[in-house]
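Visitor: Structure incoming, see below.
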Amino acid sequence: MKHALVIGGTGMLARASVWLSENGYHVSVIGRNAEKMQVLLDENPTRMTPVLVDYTNRVELMEQLHRMQNENGPIQLVIAWIHSTGQYVIPCLSESLSHSHPWKLFHLSGSSSNLKEIKSKTSIPTHVSYHQIQLGFKIESGISRWLTHAEISNGVIKAILEEKSEQIIGTIEPWENRP
C-alpha cells in the first residue's frame, strides 16, 4: 500500500487526509490536537495512523518519521503545512525519507509568502518532486474572505492530481483586497 504523510492533517487538511485514504494510501497524520485527531480517525480509522508530535522538536519528529515508516512502509507523498517555527521539518523529511525511491512533497505556504524565496532557501534532494501551494483568499460580490477548510483541501487535492510545480488556491491579487 502507498504511504502518505500529512503535516497539519487534522484541521484545514482533514478532507485531503481522508481523500488520500480513500484513494489507496495509508495516511500518517501529524497533528497537535488530540480531539481533532479523533474526529479525523472516526471518519477512516483503518487507513490512518495518528501522530501527535510537536514538529518543532527535531529529535521527536525524526523518531516519529522512522516509526511511521517502520510500521507502514516508505512514505511516497507528503503534504506539509508548516509554520515559520518549523524550519527543521523539511530537512528532517529529506534526511528521514527514502533516498533510493522518489517521493513527492506538496509544501503549503500562506498568502503573503514569497514562493521563489522559499524555494531558493529550501534544500530539496534531486529524487524529491517539490510542489508549492500558496493559500490565498476569495473575493465574492466585492467582499473578500479567507478560504474555507473545504476549499483548501479541494485545492490541495487538485494540486496533487495536476502535479504542477506551483499552485495558488484562491487568489492573492489584488493584495490590498485581502481580508
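Derivation of every value follows stated rules applied to the coordinates shown; laboratory data play no part. None of these values were measured; they are calculated from a predicted model. All Cβ positions, even for glycine, are placed from backbone atoms using ideal geometry, and neighbour counts span all protein chains on display.
Visitor: Report, ordered by the first and then the second residue, all pairs with beta carbons closer than 8 Å, sequence separation of six or more or different chains, a first member in the stretch 68-84 that is of a type in the set (D, E, K, R), and a second member that is outside any helix (DSSP H, G or I).
Guide: GLU71/THR49
Visitor: When residues of the stretch 1-35 are filtered for being out of contact with any strand residue (DSSP E or B) (no Cβ under 6 Å at 6 or more places or on another chain), touching a residue at least 12 places away in the same chain (Cβ under 8 Å) and either in a loop (DSSP other than H, G, I, E, B) or within 16 Å of ASN70 (Cα to Cα) (or both), how many remain?
Guide: Total satisfying the criteria: 4.
Visitor: Another question, if that's okay. Hey, can you tell me all the residues within the stretch 139-172 that are aliphatic (A, V, I, L, M) and either in contact with a helix residue (DSSP H, G or I) (Cβ under 8 Å, 6 or more places away or on another chain) or crowded, with 16+ Cβ neighbours inside 10 Å (or both)?
Guide: Result: ILE139, LEU147, ALA150, ILE152, VAL156, ILE157, ALA159, ILE160, ILE168, ILE169, ILE172.
Visitor: Of the numbered conditions (1) under 16 Å from the mean Cα position of the chain (by Cα); (2) among the acidic types (Asp, Glu); (3) closer than 20 Å to LYS164 by Cβ, ASP54 satisfies every one except a single condition; which is it?
Guide: Among (1) under 16 Å from the mean Cα position of the chain (by Cα); (2) among the acidic types (Asp, Glu); (3) closer than 20 Å to LYS164 by Cβ, the lone unmet condition for ASP54 is (3).
Visitor: Quick one: how many residues across the stretch 79-105 are touching a His at 6+ places or on another chain (Cβ under 7 Å) and under 12 Å from LEU61 (Cβ atoms)?
Guide: Residues in the stretch 79-105 being touching a His at 6+ places or on another chain (Cβ under 7 Å) and under 12 Å from LEU61 (Cβ atoms): 2 in total.
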